[in-house]
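The values are calculated or read from the model by the stated rules, or taken from the named source; none is laboratory data. The structure presented is a predicted model; accordingly, all values stated were derived computationally and were not measured. Cβ atoms come from the backbone with ideal geometry, glycine included; neighbour counts cover every protein chain shown.
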Amino acid sequence: MSRKAVVVGLHGLPFSKNIGMTERHSGALAILGALKDAGLTVADVDGMCRYVWQPTTEMEMARVIGVQNLRFFGAQDYGGGAGAPTMALASMAIELGLAEVVVVWRSRNRSSGGRPWVGQIMAEGQDQFERPHGLVRPADGMALHTRVWMHKYGWKREDFGNVAITQRRHAQANPMAMMRKDLTMEEYLSSRWVAEPLCLFDNCLETDGALAMVLTSEERARDLDVTPVYVRGYALGSGPQGYAMTFYYGDELGVTPASYVAPELWRNTGLKPDDIDVVQFYDAFTPQVLLSYHEYGFCDEGDAPAYIASGEAPPYNTSGGGLSEAYVHGFNLLVEGVRQVRGTSTTQVESVNHCLVTSGAVVPTGAIVFSKEPA
Amino acid sequence: MSAAPPLPPRPVPDQDTLPFWDGVAERMLIVPRCASCGQWIWQPRPVCYRCRATNPVWTQVSGNGRVASWTVLHPPVLPVWADRLPLVVLLVELDEGIRMVGQLVDDEGTLLQTDGTAEGLAMGARVALRWRKEADITLPAWTLVGD
Ligand SMILES: [Zn+2]
């Protein structure tokens, strides 16, 4: 690929339980902030990409901030699976020369706006075979997977507790993070159940948040007063019999679409797990972090707890992630991935060349690698 | 006047799934099966995903199977279940090889208020089909049976 996509701007509003504005408003502020960070203006924007679940469309957002003409727009589906695929879409537009400055954002009032599942009484499509039986919350769907993994791999609640505690420690260094109190294993183990075997601290936060990034071409970035972060490569994957959250109907229980993304990602990037200095694994629930280490090929199947304990694993979710920084459908993981390559994380890993960021692991999903240098 | 009881989630069948719900209304568990290659097709769809034949036949299954996984629900849940917690949602692998979701009930089909411990719920435990009523809705559900 002769044209290379780079991230040149990012911005996030302070996370909160009640941001006090619409997702349209917070999204616009995040985008304007990211453009300013890049040294660009709305007049430069000619592409926009979003999650399908983003309530403000590209068209509406372009109207709100006054974009003259979008040469490229598009959206990616499947909830938290959409993060890396949305970044991939924006990158493709730049690589193909379809757009020069592409804005990507996610604004979500997931705290003040209430829980989306509460009003979901009419069960259509796949839901008609799940929701009437009580699989309503994302945690319910994840709990069934989690018990399979515990049974298959011998994972213990303490293994999940270690993930929650590690990410809390990262959040404590991050002034933007929502949850900065100490978390002990005793508190983890005695916290209330939500959907067994998942307890409160296995679940991500419920946050109002708004984040945006600006991508452009390597050439265009040369005119800007920023250090570009290269989109080294990306991949998407659905696996067979793809369902969102309730991946129960295929042949092998416990395997997720991430295991289909991984080989594509390593092929597309020309990298291998050993090359990755730091990871941001999608973490709506603690077990996804353990699963991601083996599905992306960092360790043998089911060995993540021992692999992490050995100290060999690249550090994960350095901002506190969805569990302790904020839950914005994984967009904060993407932003943290760029920060790690820029060298501006609050839990900065030394000399980062490559950061892997993944999206939701039990939905059709994707992953992306941000790098200091082009391939 | 007392407040209206909270609504349960309501299945909304379409043309591809209606026979399943018609079967449920008659307390028969029926599943599409490919007439060409014999593949069971769950969840229902109009094409066999193995051989692409477009003639699946709705076929009755026994409903016997094993526990492939489960969760125990705790608050916050939909109001309809709020005073019946904890309750168990099962992922059942039927003897035909397909997996279905349903709640853990007693021998009569009544939802059990339990975390499954007293009933000896375990991975691989044998279950049998029962029918559970939720307001005016009939739903397949499963009860634990000995091996
Ligand atoms: Zn067939």
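Looking at B:Ala125, B:Ala82, B:Ala118, which is the one that is more than 10 Å from chain A (Cβ to nearest Cβ), without any contact (Cβ under 8 Å) to a residue 24 or more places away in the chain and not β-branched (Val, Ile, Thr)? Before the answer, list the steps.
On the way: B:Ala125 fails: without any contact (Cβ under 8 Å) to a residue 24 or more places away in the chain; B:Ala82 fails: without any contact (Cβ under 8 Å) to a residue 24 or more places away in the chain.
When all the criteria are applied, what remains is B:Ala118.
Condition check: over 28 Å from A:Met122 (Cβ atoms) and either within 14 Å of chain A (Cβ to nearest Cβ) or surrounded by 16 or more Cβ atoms within 10 Å (Cβ to Cβ) (or both). Does B:Gln43 satisfy that? When the stated conditions are applied, B:Gln43 does not pass them. Answer with yes or no whether A:Arg137 is crowded, with 19+ Cβ neighbours inside 10 Å, within 18 Å of B:Trp70 (Cα to Cα) and touching a Pro at 6+ places or on another chain (Cβ under 7 Å). Here the answer is no, as A:Arg137 does not meet what is asked.
Only a single item in (1) surrounded by fewer than 23 Cβ atoms within 10 Å (Cβ to Cβ); (2) within 14 Å of chain B (Cβ to nearest Cβ) is not met by A:Ser259, and it is number (2). Checked across region A:74-95, the condition of being in a loop (DSSP other than H, G, I, E, B) and away from chain B (no Cβ under 14 Å) holds for at least one residue. Residues that are part of a loop (DSSP other than H, G, I, E, B), on the phi < 0 side of the Ramachandran plot and surrounded by fewer than 24 Cβ atoms within 10 Å (Cβ to Cβ) are absent from region A:320-340 altogether. Just one residue in the set A:Glu158, A:Glu100 is touching a helix residue (DSSP H, G or I) at 6+ places or on another chain (Cβ under 9 Å), more than 14 Å from chain B (Cβ to nearest Cβ) and within 22 Å of A:Ser319 (Cα to Cα); that residue is A:Glu158. Summed over region A:208-243, the residues that are of a type in the set (A, V, I, L, M) and either without any contact (Cβ under 8 Å) to a residue 24 or more places away in the chain or out of contact with any Gly (no Cβ under 9 Å at 6 or more places or on another chain) (or both) give a count of 2.
Within region B:58-75, residues that are within 13 Å of A:Val148 (Cβ to Cβ) sit with their Cβ atoms under 9 Å from residues that are surrounded by 23 or more Cβ atoms within 10 Å (Cβ to Cβ) and aromatic (Phe, Trp, Tyr), at 6+ positions apart or across chains, in these pairs: B:Val67/B:Trp142; B:Ala68/A:Tyr248; B:Ser69/A:Tyr248. Annotation: of all residues in region B:33-90 being among the basic types (Lys, Arg) and within 20 Å of A:Thr246 (Cβ to Cβ), the one that is modelled with the highest pLDDT is B:Arg66.
Here is a check on your reading of the model: is B:Gln103 exposed (fewer than 15 other Cβ atoms within 10 Å of the Cβ), away from the ligand (no atom under 16 Å from the Cβ) and over 18 Å from A:Tyr243 (Cβ atoms)?
On the way: exposed (fewer than 15 other Cβ atoms within 10 Å of the Cβ): no; away from the ligand (no atom under 16 Å from the Cβ): yes; over 18 Å from A:Tyr243 (Cβ atoms): yes.
No: the conditions fail for B:Gln103.
Whenever a residue of region A:304-316 is assigned to a strand (DSSP E or B), it has no partner that is small (Gly, Ala, Ser) lying with C-beta atoms less than 8 angstrom away and at least six residues away or across chains.
Restricted to strands (runs of 3 or more DSSP E) entirely inside region B:1-94, those with at least 1 residues that are within 16 Å of the ligand (Cβ to nearest atom) and outside the structural domain of B:Gly120 (by TED's automatic domain parsing) are B:30-34, B:56-60.
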